[in-house]
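Chemist: Following this message is one structure expressed as structure tokens.
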Amino acid sequence: MRLSRVIPSLLILLLVWLVSTPAAQAGGRPTAETPAREGQQRILFILASSKVHGTSTIPASISFGEVVHAWDIFQAAGYGVDFVSPDGGDLPILDAYVGDEVEARLKDDRIMGGLRNSLTPAQIDPSQYRAVYYVGGSNAMYGVAENPTLQRIAMHVYERNGGVVSAVCHGTAGMVNLKLANGQHLISGKRISGYPEEHEDQDAPYLKEFPFLIRKTVETRGGLFHAIKSYDPYIEVDGRVVTGQNYASATPVAEAVVEVLRTLADPPATRGATTR
């Protein structure tokens, strides 16, 4: 009789314990406290905060597709993704920068939660990241390249973590002021791509707001700028620096970053080895 009274009590205690665990509280999804997230490598998306071009009232935006296409590749490869911007918080997304193929993803809380609540540079621990990815869009020309904390984060990932610095389209603008510990520009002597100024609408008012031009500045910094006369994907991989020319290049840039990271993680003695 006493055993029959004890068993129900034990079952109740077990149920309370299960409900109170972090995974249960998160609806069964992995949390930072659960083993599914322990040791997960992460990639930091660097985006711009500006809602206008320079000092004008011309609307500016991040490129939503350049976020989505890269995010999908990194997630499929097992990487976690975080979003950072100069001001943190909600990032501008104009309809013109949302392609038909990604419009439905505006309802994807996994992505939109990060874009609506982007972190500030001060909130970032750079030791946690294997790569940074500079996202393009018309606002990428403003506030990122000159941000000293974002510069320190990117160079920590590159020099101290042995990680990758990558960018796509106008996102390449964010890399032009990055310097190695020896004072040399990161892009000096490296093959670099990005959205060249000759592909811009030369008569558009927004172009007059640009603080600098991507091709010209990359070359001034000693970079070897490459682009094609096409909207087709085009990327350059030079060691641990990966850059893409345009919107269509977001997926191959992300794929190249994953491949570089895989190669870095693969000990030289095992590369190309065959099983017997």
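The values are calculated or read from the model by the stated rules, or taken from the named source; none is laboratory data. Just so you know, these numbers come straight off a predicted model, no measurement behind them. Backbone-built Cβ (ideal geometry, glycine too); neighbour counts: all protein chains shown. Just so you know, the surface numbers come from the protein's heavy atoms only, side chains and all, with ligands and any DNA or RNA stripped out. Shrake-Rupley method; radii C 1.70, N 1.55, O 1.52, S 1.80 Å.
Chemist: For the condition closer than 23 Å to residue 193 by Cα and modelled with pLDDT of 95 or more, what is the one hit in 98, 102?
Modeler: Selected residue: 98, the only one of 98, 102 that is closer than 23 Å to residue 193 by Cα and modelled with pLDDT of 95 or more.
Chemist: Go over the candidates 146, 198, 159 one by one and state the one that is acidic (Asp, Glu), within 21 Å of residue 92 (Cβ to Cβ) and either in a helix (DSSP H, G or I) or at pLDDT 95 or above (or both).
Modeler: Only one candidate passes the filter, namely 146.
Chemist: Related question: Whether any residue in the range 73-82 is surrounded by 14 or more Cβ atoms within 10 Å (Cβ to Cβ), modelled with pLDDT of 50 or more, in contact with a Gly (Cβ under 9 Å, 6 or more places away or on another chain) and not β-branched (Val, Ile, Thr) is what I want to check.
Modeler: Within the range 73-82, one or more residues are surrounded by 14 or more Cβ atoms within 10 Å (Cβ to Cβ), modelled with pLDDT of 50 or more, in contact with a Gly (Cβ under 9 Å, 6 or more places away or on another chain) and not β-branched (Val, Ile, Thr).
Chemist: Suppose the filter is open to solvent by 10 Å² or more (accessible area, probe 1.4 Å) and either within 24 Å of residue 207 (Cα to Cα) or in contact with a strand residue (DSSP E or B) (Cβ under 8 Å, 6 or more places away or on another chain) (or both); does residue 129 pass it?
Modeler: yes
Here is a yes/no grid of residues against (1) open to solvent by 80 Å² or more (accessible area, probe 1.4 Å); (2) under 21 Å from the mean Cα position of the chain (by Cα); (3) more than 29 Å from residue 146 (Cβ to Cβ); (4) modelled with pLDDT under 95:
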position	(1), (2), (3), (4)
5	yes, no, yes, yes
16	yes, no, yes, yes
37	yes, yes, yes, yes
46	no, yes, no, no
51	yes, yes, no, no
88	no, yes, no, no
94	no, yes, no, no
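Results for (1) within 14 Å of residue 175 (Cα to Cα); (2) touching a Phe, Trp or Tyr at 6+ places or on another chain (Cβ under 8 Å); (3) not aliphatic (A, V, I, L, M), shown as yes or no for each residue.
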{"residue": "204", "(1), (2), (3)": "no, no, no"}
{"residue": "208", "(1), (2), (3)": "no, no, yes"}
{"residue": "225", "(1), (2), (3)": "yes, no, yes"}
{"residue": "234", "(1), (2), (3)": "no, no, yes"}
